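The values are calculated or read from the model by the stated rules, or taken from the named source; none is laboratory data. Since the model is a prediction, treat every value here as computed from it, not as a measurement. All Cβ positions, glycine included, derive from the backbone under ideal geometry; neighbour counts span all protein chains shown. Just the protein is used for accessible areas: all its heavy atoms, side chains included, with ligands, DNA and RNA removed. Shrake-Rupley method; radii C 1.70, N 1.55, O 1.52, S 1.80 Å.
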Amino acid sequence: MKTVKNFRLSGKKVIIRCDFNVPIEDGKIVDDNRIVESLQTIKYCIEKGAKVILLSHLGRVKEKEDLKKNDLKVVAKRLSKLLDREVKFINKTRGNSVEKEIASLNNGDVVLLQNTRYEDLDGKKESSNDEELGKYWASLGDIFINDAFGTCHRAHASNVGIASNIKNKGIGFLIEKELNALSSLKRPSKPFIIILGGAKVSDKIGVIEKLVKKADYILIGGGMAFTFLASEGFNIGSSILDKDNIDFCKKIISEYEDKIILPVDILTNTSYMDTNSPKERLICDIGEDEMGLDVGPKTVDLFKKYLSDAKTVLWNGPLGVCEFDSFKNGTYEVLNYLVDNDIKTIVGGGDTAAVATQANLKDKLYHVSTGGGATLEYLEGKKLPGIEVME
Ligand code: AMP
């Protein structure tokens, strides 16, 4: 597989598929990590004298009302600031104005087209990898660089479509970094410990099945722990339960009893919204109207004990409802422990990555992925279409 370094870029029109799918609230970017992670490839292309054409999706566009909130203009502004140079925003995904702007580019200039998913309004052209659209976008450049790891598990017009219609193609620095980090898990230094959390068991089944033999322990927290606890006969009150997967949990626990480590205590409240004085409960002591919203201090200590001699850690999903200050302590404490003890940790994107960023721990961890879904599918051993097409 070629990388951006394998091409002569000077004077070439280089299309870079970035992942600028950042969270935006009230028109403001609340976490620009994905833009920051894209800078290395963009800067490299600028330095080498390429004419840089950027493409990205943002959010989902199903109806007209989705257009405004998923407008990439705000990203162009932020990117321009981060690059300290003009990023010309073209408020179109195709047509005369796009072609004209591209034709007038000088070496080192940068343009960003409007959200690729604006094309979804008209028959899901981007998300269903419309043949004509992929061909059209490919026709805009000489070289295609895919650097959007977060969408590599999907075959869209802006990744697979372009790559299938252009000869010169390769991956950017970000995808290269992601693949290197994840492939180091093929033969992890042991003890290898997986931490899983988040809301649903269903999203993590593939990873558990694929990696349970390789892992020394799987520490389970977050909402998904309650389905495991329920499968063991504990009363979980009104905590979230993934009914369809109780049997799966039962089976995994019976087969790998010594490897699956569940919480021993939790913080509860009567609802998500009630963030006042959560109660500490042993798991045999959860009240009927109580909802488990974070792991408790005894569980944090227990998890630290298992992690104390870990050589490699893979983490996916927060241990509590980390959107609320009252319930992010478990996730924070374990993250801090990993950093303080310099344990090689790969965070598989999503909410856990956001917590690591908020806690200023991101740069101290071995790798924090930009793509939650893509990471999980990669770890499950699935082929990622956005990568395969580049090979
Ligand atoms: P996931 O996308 O499956 O990794 O889930 C992330 C979500 O899980 C976050 O929004 C958390 O708020 C949520 N979560 C974590 N712990 C719990 C819990 N105990 N009960 C309900 N939701 C939780």
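For region 290-327, a tally of residues being among the aliphatic types (A, V, I, L, M), more than 14 Å from the ligand (Cβ to nearest atom) and farther than 27 Å from S271 by Cβ returns 3. The C-beta contact set for region 189-218 (first residue farther than 20 Å from S231 by Cα, second residue of a type in the set (F, W, Y), distance under 6 angstrom, 6+ apart or interchain) comprises I193/Y217; A215/F192; D216/F192.
Look through region 275-290, keep the residues that are at negative phi and in contact with a helix residue (DSSP H, G or I) (Cβ under 9 Å, 6 or more places away or on another chain), and return whichever of them is modelled with the lowest pLDDT. Ranking the qualifying residues of region 275-290, first place goes to T275.
Among the residues of region 321-349, what is the count of those that are farther than 24 Å from K279 by Cα, open to solvent by less than 30 Å² (accessible area, probe 1.4 Å) and part of a loop (DSSP other than H, G, I, E, B)? Show your work before the answer.
So the first thing to find is which residues in region 321-349 are farther than 24 Å from K279 by Cα, and the list is 338-349.
If we keep only those that are open to solvent by less than 30 Å² (accessible area, probe 1.4 Å) as well, we get 338-339, 343, 345-349.
In the following step, the residues that additionally are part of a loop (DSSP other than H, G, I, E, B) were identified as 343, 348-349.
Of the residues in region 321-349, 3 are farther than 24 Å from K279 by Cα, open to solvent by less than 30 Å² (accessible area, probe 1.4 Å) and part of a loop (DSSP other than H, G, I, E, B).
Here is a yes/no grid of residues against (1) outside the structural domain of N168 (by TED's automatic domain parsing); (2) out of contact with any Phe, Trp or Tyr (no Cβ under 8 Å at 6 or more places or on another chain); (3) not polar (S, T, N, Q):
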{"position": "L55", "(1), (2), (3)": "no, no, yes"}
{"position": "D84", "(1), (2), (3)": "no, yes, yes"}
{"position": "N96", "(1), (2), (3)": "no, yes, no"}
{"position": "N107", "(1), (2), (3)": "no, yes, no"}
{"position": "Y118", "(1), (2), (3)": "no, yes, yes"}
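In region 198-230, of all residues being in a loop (DSSP other than H, G, I, E, B) and within 12 Å of the ligand (Cβ to nearest atom), the one that is surrounded by the most Cβ atoms within 10 Å (Cβ to Cβ) corresponds to G222.
In this structure, is G381 under 23 Å from D203 (Cβ atoms), open to solvent by less than 60 Å² (accessible area, probe 1.4 Å), within 12 Å of the ligand (Cβ to nearest atom) and in contact with a Lys or Arg (Cβ under 7 Å, 6 or more places away or on another chain)? When the stated conditions are applied, G381 does not pass them. Listed by position, the helices (runs of 4 or more DSSP H) inside region 24-98 whose residues that are open to solvent by less than 50 Å² (accessible area, probe 1.4 Å) and in contact with a Cys (Cβ under 6 Å, 6 or more places away or on another chain) number at least 1 are 33-47. Residue count for region 246-258, restricted to those that are within 16 Å of the ligand (Cβ to nearest atom) and closer than 16 Å to G221 by Cβ: 1.
Would region 124-133 turn up any residue that is touching a Phe, Trp or Tyr at 6+ places or on another chain (Cβ under 7 Å), touching a residue at least 12 places away in the same chain (Cβ under 8 Å) and farther than 24 Å from K5 by Cα? Before you say what the answer is, go through the steps one by one.
Step one: of region 124-133, the residues touching a Phe, Trp or Tyr at 6+ places or on another chain (Cβ under 7 Å) are none.
No: zero hits.
Hey, can you tell me all the residues within region 350-366 that are assigned to a helix (DSSP H, G or I) and more than 15 Å from the ligand (Cβ to nearest atom)? Correct list: K362, D363, K364. T352 - would you say it is touching an Asp or Glu at 6+ places or on another chain (Cβ under 8 Å), among the hydroxyl-bearing types (S, T, Y) and modelled with pLDDT under 95? No, not satisfied. G233 falls short on exactly one of the conditions (1) of a type outside the set (K, R); (2) outside any strand (DSSP E or B); (3) within 16 Å of the ligand (Cβ to nearest atom); (4) within 22 Å of D294 (Cα to Cα), and that condition is (3). What's the total number of residues in region 161-176 that are open to solvent by 10 Å² or more (accessible area, probe 1.4 Å) and more than 21 Å from N21 (Cβ to Cβ)? Looking only at that region, the number is 6.
Return yes or no: is S158 open to solvent by 60 Å² or more (accessible area, probe 1.4 Å) and either in contact (Cβ under 8 Å) with a residue 24 or more places away in the chain or on the phi < 0 side of the Ramachandran plot (or both)? Please lay out each step first, then the result.
Details: open to solvent by 60 Å² or more (accessible area, probe 1.4 Å): no; either in contact (Cβ under 8 Å) with a residue 24 or more places away in the chain or on the phi < 0 side of the Ramachandran plot (or both): yes.
In short, no.
Taking the numbered list (1) over 28 Å from G206 (Cα atoms); (2) more than 24 Å from the chain's Cα centre (by Cα) in turn, D325 passes all entries but (2).
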